[in-house]
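Structure first, then comments.
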Amino acid sequence: MNTHTLTPYEAPRIGVFVCDCGSNIAGHLDCPDVAEYAKTLPHVVYVKENLYTCSEAGIGEIKKAITEQNLTRVVVASCSPRTHQPLFSSSCAEVGLNPYLFEMVNIRDQCSWVHMGTRDAATQKAKELICMGVAKSAGLEALNEIESSLIRKILVIGGGIAGLSAAQALGDMGLDVILVEKTASLGGLLQQVHQLDSGVMAKEALSQIIDDVRSQSNITCYTSATVTETGGYIGNYDVKIETQTGLVEEQVGCMVVATGAVPLIPEGILGYDGRQVISLMQLEQLLQRDKLDAKRVVFIQCAGARTPEREYCSRICCMIGVKNAMLIKDKYPLTDVRVLYRDMQMYGTHKEQMLWDARGKGIRFDVYTPDNPPEVENGKVTFFQAVTGKTQELDADLVVLSTPLVPRNDSGKLANMLRVPTDQNGFFLEAHAKLRPLDFAADGIFVCGSGRYPATSTEARTQGIGVASRVAAILFKEKLVKSAIVAQINPDACVGCMACLPMCPYEAITYNRDKRICEVNEVLCKGCGNCAATCPSHSAMLRGFKPQQLLAQIGAA
Amino acid sequence: MLDVGRHPNIKLLAYSELERLEGDAGNFTATIRRKARYVDEDKCTGCGACAQVCPTPVLDLYNEGHAERKAIYSWFAQGIPSTHAIDPDHCRVLNGKKCGICQKKCEAGAIDFDQTDVIIDLPVAAVVVATGYDVFDPSRMPEYRYNQLDNVITAMEFERFLSASGPTAGHIYRPSDRKVTATIAELEKKVKKSQKALDRFEKTHGKKSDEFYAAYTDGSLKPGEDLEKDQDKWAKRVEAHLENANPLAVLKEKAKGFTTAKKIAFIQCVGSRDLRFYPFCSGYCCMHSIKEAIIAHEHDNDTHTVIFGMDIRAVGKGFEEYKIRGGNNSNISYKRSRVAEITRNPDECPVLIYEDTREQKIQRQAFDLVVLATACGPVKGAQKIADTLGIDLDRFGFFKTDPSNPLDTSRDGIYVCGCAHSPMDIPESVAQASSAAARAAQTVIKKNDQKAS
């Protein structure tokens, strides 16, 4: 490819294409006049006005002009680069012009649309915008896209239902997986659970998945093992794992955090004593061992959750409470089962149906408010029944406190090691609350299950499988190819002040202790330009937006 | 959307429907009907010049019927692909009338009135069902009088009102007030026209119409010669003018008192958690209402909102915190109640009748605007889709899955995600979509492995 980086003595040959966009631009400003003006700009050797530059005919004109006029820069004045830059720059590349020698000027969204009805002013503004674009384009440099290798192996941290599901799905796709579990056995929190809301025994559901994971030759499971060190970047991580048989060093392309959460032990909450007043998890174990012996059971929801100290709703405790209340009622129909709650969080189809069914089985639900919470003392639960306006007293052989899942103590440590963020509650923080629930902002690292936020076993499994496709979308490619618009730090000018380090949201800049300068990892850099804006010695620059290019653009304004 | 539209591996067949699916996982043949757009996809640049000149207005359902679009249109401005389509129910040409203005206007030559549906067969390894949901029609609940009361709207309608590009440009005008404003505009047009006629008489006779008419009616008119032959005509014109001008004056006086809605009520579980309709919970509506109330307050700091619900289900990450923030910063109060009935007071304000369960009292409270948080139900054609695909529906009418393989339908190689699976909010949908993609990829990979061996 002819990259056309200019020698100092060679003048650029710029082609300008002015788009009418039907009437979107031409309807509100004088396109022929703008095109005439463009001819007068320095280094402009060719100008063409098109009805639609993005149409096949328009693209053909650009290609033809590059070849025939020997253009070394192309400027298109049309719509938004968000939608059309890829089309135009790749069209340039098709006829041998480096795509980074293309510049786009938005005379529609930023001109004709916002200045409808002021035709002369809009025409003038379009001219100035094009003048700026042409000035910048003269200083553009040919750049090459950044390529990096990919190791087709994944580290999954955590062997609960989420991690197992991720490993299983990735293994099924033919990728190599290393599954690291801190405890001695796979299965996570579900190992302590009696029966799932689907009616399946948790142990059976788990053993099916565990057997499958263990049988896949491309999945390596390390139990009683921890990840002690990670380094590198997407496609090429180096990890160290402390296993029972010693330190293992591995190289992986992506990492998955599936470390789960732990149930809160409700010490000091609502008379918890671990015998008559127990937690939801303790009840699961009583049911698992068939050791339940109570005629009157009271569940209290939101025990230790949705309080000023712990504001969040733990999402799954209402469902677990109702599930267990029904199990008790089914097995011992004469047991009096009551549930005291604030809001029954039985979202969706199946859970709401459970609530209808539970009521049908004779389980009684009473609402309480946080400003007047129930009290538990000497086998009695007292609460203010809002609907009747009376304080009620219930005898209870067993009080079950529905406690929330809380983040692991060591999740902060793991977050630091992986350089990923956690939220105000200590759960791992995804890249985007709505649109990227399974990604971290850092490329190549993903999150699933209750480590992100409490999830039911079905939800954790869904997320685990979901992570597999996020990983596959990266690792099934030949190599990692990314835009050349990244930062560079001039090693001769950098004084190693590290001002850029905290500005980089992608952890792409590191300090080189030997050379005493900062360095950019081009694979991690997303080209935001924060470092370039911060650098006091002007040694950090963003390619494609270098000071001389931007100053030329500003100077032309 | 843009990413999908631009992705080299994604072939986007918008405005198309699956007709048939044959074969097995790894080797399906999907028969797809590409419906006629009457616009050539390869030529159309989405510039929208056609819609500007199209003379046929059609109720804009994207804006929940609160605005108009044209018979040639794109569903909404940011839609992908931006290719326009002609609505065959309303286009004049397609209904045998004279027109074709869009064809003349289109400089890309993309309009093709002779286009027909095209049936294509595609070999596919796996299928993902992401057909979404339909919103419950609140007119099925007589007690909320959705059809009778202008100022009782759905959460989707309110969403459009809040949108800066929506029918009210983001201002929360009450629909009853908008109706009056529209009538005023209509009457003003008529009055302007009739005034012109009166102006001619006034000029000829050098007399104001009201003076003339007063004299004409009380018999004190002393017509000169030329007025003699004009007086009956003029009087008739005055009467016709007043027929519109009088109500216009009344409405204008009324409209002086119009402000945007300040007191807003949200009613949760409209059609859901209700054995008459959907027994299940729609999952996202509590948060949707809170979000709308917060945005309304951001737009206008004087709004006060009450959200009436049985439980406020703020069950996602950060949701409970958001709910509390709404209460603290956005004048939202949450009331545990299922509203029994909505009536109306004389100034068009809906009045809610409900039991305040904390006070054990029946209350009546008037609001400027009531928003119904309507349920998320299965899509209307769910059974037909299920039949075409050969998969089962669950007891609620959504596509049935197995909790241990939460994306798998009852047929191998077909996966489901999002609200087609069950009601859920955005992050859950996105996570499920990734999972369905993974399951589909597994099927594709398995097929490729078989081929290779």
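The values are calculated or read from the model by the stated rules, or taken from the named source; none is laboratory data. Values in this document were obtained by computation on a predicted structure and should not be read as measured data. When we count neighbours, we look across all protein chains shown, and the Cβ atoms used for this are built from the backbone with ideal geometry, even at glycine.
Each row is one residue, and each column tells you yes or no for (1) assigned to a helix (DSSP H, G or I); (2) more than 7 Å from chain B (Cβ to nearest Cβ); (3) within 37 Å of the chain's Cα centre (by Cα); (4) without any contact (Cβ under 8 Å) to a residue 12 or more places away in the chain.
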position: A:M346; (1), (2), (3), (4): no, no, yes, no
position: A:T349; (1), (2), (3), (4): yes, no, yes, yes
position: A:Q353; (1), (2), (3), (4): yes, no, yes, yes
position: A:W356; (1), (2), (3), (4): yes, no, yes, yes
position: A:R359; (1), (2), (3), (4): yes, yes, no, yes
position: A:V376; (1), (2), (3), (4): no, yes, no, no
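In segment A:14-21, is there at least one residue being part of a loop (DSSP other than H, G, I, E, B) and surrounded by 21 or more Cβ atoms within 10 Å (Cβ to Cβ)? Quick ask: steps written out before the conclusion?
Within segment A:14-21, the subset part of a loop (DSSP other than H, G, I, E, B) is A:20-21.
Still in the running and surrounded by 21 or more Cβ atoms within 10 Å (Cβ to Cβ): A:20-21.
Yes: segment A:14-21 contains one or more residues that are part of a loop (DSSP other than H, G, I, E, B) and surrounded by 21 or more Cβ atoms within 10 Å (Cβ to Cβ).
If a residue must be surrounded by 18 or more Cβ atoms within 10 Å (Cβ to Cβ), part of a strand (DSSP E or B) and among the small types (G, A, S), how many such residues does segment B:327-345 contain?
0
For A:V420, are the conditions met, namely being over 30 Å from A:R296 (Cα atoms) and either part of a strand (DSSP E or B) or touching a residue at least 24 places away in the same chain (Cβ under 8 Å) (or both)? Talk me through it step by step, then tell me what you get.
On the way: over 30 Å from A:R296 (Cα atoms): yes; either part of a strand (DSSP E or B) or touching a residue at least 24 places away in the same chain (Cβ under 8 Å) (or both): yes.
For A:V420, the condition - over 30 Å from A:R296 (Cα atoms) and either part of a strand (DSSP E or B) or touching a residue at least 24 places away in the same chain (Cβ under 8 Å) (or both) - is met.
Return the residues of segment A:505-527 that are in contact with a helix residue (DSSP H, G or I) (Cβ under 8 Å, 6 or more places away or on another chain) and more than 19 Å from A:G235 (Cβ to Cβ); say none if nothing qualifies.
A:P505, A:Y511, A:C518
Report, by residue number, each residue of segment A:389-410 that is surrounded by fewer than 21 Cβ atoms within 10 Å (Cβ to Cβ) and not acidic (D, E).
Just the residues of segment A:389-410 that are surrounded by fewer than 21 Cβ atoms within 10 Å (Cβ to Cβ), to begin with: A:389-395, A:397, A:408-410.
Hits for segment A:389-410 are A:G389, A:K390, A:T391, A:Q392, A:L394, A:R408, A:N409.
What is the one condition in (1) within 14 Å of chain A (Cβ to nearest Cβ); (2) surrounded by fewer than 16 Cβ atoms within 10 Å (Cβ to Cβ) that B:V39 does not satisfy?
(2)
Can you name the residue in segment B:42-71 that is away from chain A (no Cβ under 14 Å) and β-branched (V, I, T) and, of all such residues, is farthest from B:E157 (Cα to Cα)?
Among those residues, the one meeting the criterion is B:T56.
If you take just the strands (runs of 3 or more DSSP E) that sit entirely in segment B:1-115, which of them hold at least 2 residues that are over 27 Å from A:G27 (Cβ atoms)? Give the derivation first.
On the way: elements: B:16-24, B:27-34, B:57-59, B:68-70.
The strands (runs of 3 or more DSSP E) meeting that bar are B:16-24, B:27-34.
Identify the single condition in (1) more than 9 Å from every other protein chain (Cβ to nearest Cβ); (2) in contact with a strand residue (DSSP E or B) (Cβ under 9 Å, 6 or more places away or on another chain); (3) exposed (fewer than 15 other Cβ atoms within 10 Å of the Cβ) that B:D402 does not satisfy, given that it satisfies every other one.
Evaluating B:D402 over (1) more than 9 Å from every other protein chain (Cβ to nearest Cβ); (2) in contact with a strand residue (DSSP E or B) (Cβ under 9 Å, 6 or more places away or on another chain); (3) exposed (fewer than 15 other Cβ atoms within 10 Å of the Cβ) leaves (1) as the failure.
State whether one or more residues within segment B:428-451 are within 12 Å of chain A (Cβ to nearest Cβ), under 22 Å from B:V135 (Cβ atoms) and in contact with an Asp or Glu (Cβ under 8 Å, 6 or more places away or on another chain).
Within segment B:428-451 (the criterion being within 12 Å of chain A (Cβ to nearest Cβ), under 22 Å from B:V135 (Cβ atoms) and in contact with an Asp or Glu (Cβ under 8 Å, 6 or more places away or on another chain)), the answer is yes, since at least one residue qualifies.
Examine segment A:281-288 for a residue that is surrounded by 24 or more Cβ atoms within 10 Å (Cβ to Cβ) and either assigned to a strand (DSSP E or B) or within 14 Å of chain B (Cβ to nearest Cβ) (or both), and state whether such a residue exists.
For segment A:281-288, residues surrounded by 24 or more Cβ atoms within 10 Å (Cβ to Cβ) and either assigned to a strand (DSSP E or B) or within 14 Å of chain B (Cβ to nearest Cβ) (or both): absent.
Looking at (1) in contact (Cβ under 8 Å) with a residue 60 or more places away in the chain; (2) of a type in the set (A, V, I, L, M, F, W, C); (3) touching a helix residue (DSSP H, G or I) at 6+ places or on another chain (Cβ under 8 Å); (4) not in a strand (DSSP E or B), which one does A:F446 not meet, given that it meets all the others?
It fails just one condition, (4).
What are the pairs, 6+ residues apart or on separate chains, where a residue within segment B:22-34 that is buried (at least 17 other Cβ atoms within 10 Å of the Cβ) has its Cβ under 6 Å from a residue that is modelled with pLDDT under 95?
Between residues of segment B:22-34 that are buried (at least 17 other Cβ atoms within 10 Å of the Cβ) and residues that are modelled with pLDDT under 95, the close pairs are B:G26/B:K447.
What do you reckon, is B:A296 over 18 Å from A:V367 (Cα atoms), assigned to a loop (DSSP other than H, G, I, E, B), more than 10 Å from every other protein chain (Cβ to nearest Cβ) and among the aliphatic types (A, V, I, L, M)?
no
Let me spell it out: the conditions are (1) closer than 20 Å to A:I363 by Cα; (2) surrounded by 20 or more Cβ atoms within 10 Å (Cβ to Cβ), and A:C313 meets all of them except one. Which number is the exception?
Of (1) closer than 20 Å to A:I363 by Cα; (2) surrounded by 20 or more Cβ atoms within 10 Å (Cβ to Cβ), only one is false for A:C313: (1).
Mind counting the residues in segment A:180-197 that are away from every other protein chain (no Cβ under 14 Å) and assigned to a helix (DSSP H, G or I)?
4
Hey, can you tell me all the residues within segment B:248-276 that are more than 14 Å from chain A (Cβ to nearest Cβ), farther than 23 Å from B:G170 by Cβ, not basic (K, R) and not in a strand (DSSP E or B)?
B:L248, B:A249, B:V250, B:L251, B:E253
Out of A:A77, A:A11, A:A35, A:A26, report the one residue that is among the hydrophobic types (A, V, I, L, M, F, W, C) and surrounded by fewer than 17 Cβ atoms within 10 Å (Cβ to Cβ).
The conditions single out A:A11.
Kindly list the number of the only condition in (1) charged (D, E, K, R); (2) more than 17 Å from B:T259 (Cα to Cα); (3) out of contact with any Leu (no Cβ under 8 Å at 6 or more places or on another chain); (4) at pLDDT 95 or above that fails for B:D150.
Here B:D150 meets the rest and fails (2).
Tally the residues that are surrounded by fewer than 18 Cβ atoms within 10 Å (Cβ to Cβ) and away from chain A (no Cβ under 12 Å), restricting the search to segment B:299-326.
Total meeting the criteria: 5.
Can you name the number of the only condition in (1) within 12 Å of chain B (Cβ to nearest Cβ); (2) assigned to a loop (DSSP other than H, G, I, E, B); (3) not acidic (D, E) that A:Q168 fails?
Checking A:Q168 against (1) within 12 Å of chain B (Cβ to nearest Cβ); (2) assigned to a loop (DSSP other than H, G, I, E, B); (3) not acidic (D, E), the one that fails is (2).
Take the residues in segment A:453-512 that are out of contact with any strand residue (DSSP E or B) (no Cβ under 9 Å at 6 or more places or on another chain) and of a type in the set (S, T, Y), then tell me which one is nearest to B:D408 (Cα to Cα).
Out of the qualifying residues, it is A:T462.
Yes/no matrix, rows are residues, columns are (1) buried (at least 24 other Cβ atoms within 10 Å of the Cβ); (2) in contact (Cβ under 8 Å) with a residue 40 or more places away in the chain; (3) of a type outside the set (V, I, T):
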position: B:R358; (1), (2), (3): no, no, yes
position: B:V379; (1), (2), (3): no, yes, no
position: B:G397; (1), (2), (3): no, no, yes
position: B:V430; (1), (2), (3): no, no, no
position: B:V444; (1), (2), (3): no, yes, no
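Residue check: is B:S410 within 29 Å of the chain's Cα centre (by Cα), assigned to a loop (DSSP other than H, G, I, E, B) and either more than 10 Å from every other protein chain (Cβ to nearest Cβ) or closer than 24 Å to A:S450 by Cβ (or both)?
Working: within 29 Å of the chain's Cα centre (by Cα): no; assigned to a loop (DSSP other than H, G, I, E, B): yes; either more than 10 Å from every other protein chain (Cβ to nearest Cβ) or closer than 24 Å to A:S450 by Cβ (or both): yes.
No; evaluated as a whole, the condition is false for this residue.
In segment A:84-116, which residues are within 23 Å of A:L550 (Cβ to Cβ), assigned to a helix (DSSP H, G or I) and without any contact (Cβ under 8 Å) to a residue 60 or more places away in the chain?
Matches in segment A:84-116: A:H84, A:Q85, A:P86, A:F88, A:S89, A:C92, A:P99, A:D109, A:Q110.
Just the residues that are surrounded by fewer than 24 Cβ atoms within 10 Å (Cβ to Cβ) and either over 24 Å from B:Y133 (Cβ atoms) or out of contact with any helix residue (DSSP H, G or I) (no Cβ under 6 Å at 6 or more places or on another chain) (or both), please, taken from segment B:289-298.
Passing the criteria: B:K291, B:H297, B:E298.
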